[in-house]
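Working notes, structure below.
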Amino acid sequence: MVNKIFLGLVLLGVPISVIGSFLHWPSVIMFIVYCLTIVALAGFMGRATESLAIVMGPRIGGLLNATFGNAVELIISIFSLKAGLVGVVLASLTGSVLGNLLLVAGLSFFVGGTKYKRQKFNVFDARHNAGLLIFAVIVAFVIPEVFTQDMSESSTMSLSVGISIILILLYLAALFFKLVTHRGVYQHTEKPEEHEEEVPEWSRKKAIIILAAATLAVAYVSEKLVHTFSEVGETFGWSELFIGVIIVAIVGNAAEHASAVIMAYKNKMDVAVEIAVGSTLQVAMFVAPVLVLISLMYPTHMPLVFTMPELISMVTAVFLMIMISNDGETNWFEGLTLLAAYFIMGIGFYLL
C-alpha cells in the first residue's frame, strides 16, 4: 500500500516539479510538491539499497546503507550551502539528531509497545552506540562551541575542518569494527529464522538503475526546494532555524523514519534501534563533517558551531536516549517520553 502511494507520488511529483518550476508556480504550492516528491523518492532509494544489501552481502550492504542512508539530506544540504543558507544546514543536522533519537525512536517504541508489553534489543549494540553518541554529539559538537568563543573566523574554520577529518576517520573505523573485525561477536543467538526471509525485492541491475535514477531526481528536486525556503518562511512565519530543524530534517529522513516504525511493529527492535541510533551517528560523524569540508568549495564556509538551543537540545536528546535504551528493552511509555521531549523542543524552535 505504502509502495503504491510512493509510486503515485513519484509519477505525479517529478513531472509537476519540472513543469511548476518552469512556469513559476507559487512557492508554497511547489514547496509542498517538492517535499512529497522527495519523501517518495527517498522510499525508492531505501528499497533499492535494501535489495542491493541482500544481493551483495552484509559487508557491502552495511557500506551501502551508510552511504545512502542520509543521501537525501546530504543532497538538500549541499544545495542549501551553495545558496549560502548555512543556518538551515546546521539546523537540519540538529533536526536529524533530534528526529532520529526522539521522534523515530519514540514512535518505534510507542507503536511496538502498544502491541508487545516488552520489546528487547541487543544490549551490547546499545552500549557501544551510547559511547559513540556521547563522543559524536557531546565531544565533537560541544568542543568547537567552547573553544571558538574567542577565536577568529579562520581559526574557527581550521578547528572545524580538523574535527571533521577526525570524525570521518572514526566513523570509517566504527564501520570496520562492526562489519569486519567484530562482525557477529555481539549478536543475539535467537535469530535463525531471519535468514530465510532475506529475499531481495529487485535484482542487482534493477536496484542500481532505480537507485541512480532516484538519486538524480532527488538532486534536481532538492535544488528547487532550497529556493522556496525564504518565501515559505515569510508566508508561514517560520524562522530559518525552524525550517531546518523540523521541516528539512523530517523530509530528508521520512522514508527511514517509516521503516523504523514498521520494524518495531513487527517486533524487530534491533533493526528499529539501529535505524534510529545508527542514522544519528551517521549524521553526526559523517554527514556533518562532510558538509563542513564541502562548504570550503563555496563562498560561504560552514563551521561546525551550533547555536546554544541546538546544542542543548542535542545533548539532552543523547542523554535521554542512552538512559532509556541502555537496559536493552523498551515499552510504550518510554516511547511516549521520547516523543514528549521532541514536541517540547519543537515548540521551542517554532517560537524562537
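The values are calculated or read from the model by the stated rules, or taken from the named source; none is laboratory data. None of these values were measured; they are calculated from a predicted model. Backbone-built Cβ (ideal geometry, glycine too); neighbour counts: all protein chains shown. All accessible areas refer to the heavy atoms of the entire protein, side chains included, with ligands and DNA or RNA removed. Shrake-Rupley method; radii C 1.70, N 1.55, O 1.52, S 1.80 Å.
Any idea which of Val123, Val86 is open to solvent by 10 Å² or more (accessible area, probe 1.4 Å) and at pLDDT below 85?
Details: Val86 fails: at pLDDT below 85.
Val123 is the lone residue from the list that is open to solvent by 10 Å² or more (accessible area, probe 1.4 Å) and at pLDDT below 85.
Consider only pairs whose beta carbons are under 7 Å apart and that are at least six residues apart or on different chains; among these, list those whose first residue lies in region 338-350 and is over 12 Å from Ala105 (Cα atoms) and whose second residue is hydroxyl-bearing (Ser, Thr, Tyr) and at pLDDT below 95.
Met345/Ser313
Within region 201-217, can you find the residues that are within 23 Å of the chain's Cα centre (by Cα) and open to solvent by less than 30 Å² (accessible area, probe 1.4 Å)?
Once the filter is applied, which keeps residues that are within 23 Å of the chain's Cα centre (by Cα) and open to solvent by less than 30 Å² (accessible area, probe 1.4 Å), region 201-217 yields Ala207, Leu211, Ala214, Ala217.
Take the residues in region 2-46 that are open to solvent by 40 Å² or more (accessible area, probe 1.4 Å) and of a type outside the set (A, V, I, L, M, F, W, C); name whichever of them is modelled with the lowest pLDDT.
By that ranking, first place goes to Asn3.
Looking only at residues in region 309-352 that are of a type in the set (Phe, Trp, Tyr) and under 24 Å from Ile143 (Cβ atoms), which one is surrounded by the most Cβ atoms within 10 Å (Cβ to Cβ)? Full working, then the answer.
Taking region 309-352 as the starting set, the residues that turn out to be of a type in the set (Phe, Trp, Tyr) are 319, 332-333, 342-343, 349-350.
Now restrict to residues that are under 24 Å from Ile143 (Cβ atoms): 319, 349.
Values: Phe319: 16, Phe349: 22.
Per the stated criteria, the residue is Phe349.
Just to be sure I understand, how many residues within region 143-163 are within 23 Å of the chain's Cα centre (by Cα) and either modelled with pLDDT under 85 or open to solvent by 40 Å² or more (accessible area, probe 1.4 Å) (or both)?
Residues in region 143-163 being within 23 Å of the chain's Cα centre (by Cα) and either modelled with pLDDT under 85 or open to solvent by 40 Å² or more (accessible area, probe 1.4 Å) (or both): 1 in total.
How many residues does region 218-233 hold that are open to solvent by less than 30 Å² (accessible area, probe 1.4 Å) and hydroxyl-bearing (Ser, Thr, Tyr)?
Number satisfying all stated conditions: 2.
Name the pairs: first residue in region 16-37 and closer than 16 Å to Phe229 by Cα, second residue outside any helix (DSSP H, G or I) and not small (Gly, Ala, Ser), Cβ to Cβ under 7 Å, at least 6 apart or on different chains?
Ser27/Thr228; Met30/Thr228; Phe31/Thr228; Tyr34/Thr228
Test Glu190 against the stated conditions and say whether it is of a type in the set (D, E, K, R), open to solvent by 30 Å² or more (accessible area, probe 1.4 Å) and at pLDDT 85 or above. Reasoning before the result, please.
Values: of a type in the set (D, E, K, R): yes; open to solvent by 30 Å² or more (accessible area, probe 1.4 Å): yes; at pLDDT 85 or above: no.
When the stated conditions are applied, Glu190 does not pass them.
What residue, of Gly113, Gly106, Gly131, is over 13 Å from the mean Cα position of the chain (by Cα) and free of Cβ contacts under 8 Å to residues at least 24 places away in the same chain? Talk me through it step by step, then tell me what you get.
Numbers: Gly113 fails: free of Cβ contacts under 8 Å to residues at least 24 places away in the same chain; Gly106 fails: free of Cβ contacts under 8 Å to residues at least 24 places away in the same chain.
Criteria check complete, one pass: Gly131.
Anything in region 284-301 that is out of contact with any Leu (no Cβ under 6 Å at 6 or more places or on another chain) and at pLDDT 90 or above? List them, or say none. Steps first, answer last, please.
We begin by selecting, within region 284-301, every residue out of contact with any Leu (no Cβ under 6 Å at 6 or more places or on another chain); these are 284, 286, 290-291, 293-294, 296-297, 299-301.
Of everything in region 284-301, those that are out of contact with any Leu (no Cβ under 6 Å at 6 or more places or on another chain) and at pLDDT 90 or above turn out to be Ala284, Phe286, Val290, Leu291, Leu293, Ile294, Leu296, Met297, His301.
Which residue pairs have Cβ atoms under 6 Å apart, sit 6 or more places apart or on different chains, and have a first residue in region 231-256 that is over 16 Å from Ala83 (Cβ atoms) and a second that is surrounded by fewer than 18 Cβ atoms within 10 Å (Cβ to Cβ) and among the aromatic types (Phe, Trp, Tyr)?
Here the result reads Phe242/Tyr350, each pair linking region 231-256 to a residue that is surrounded by fewer than 18 Cβ atoms within 10 Å (Cβ to Cβ) and among the aromatic types (Phe, Trp, Tyr).
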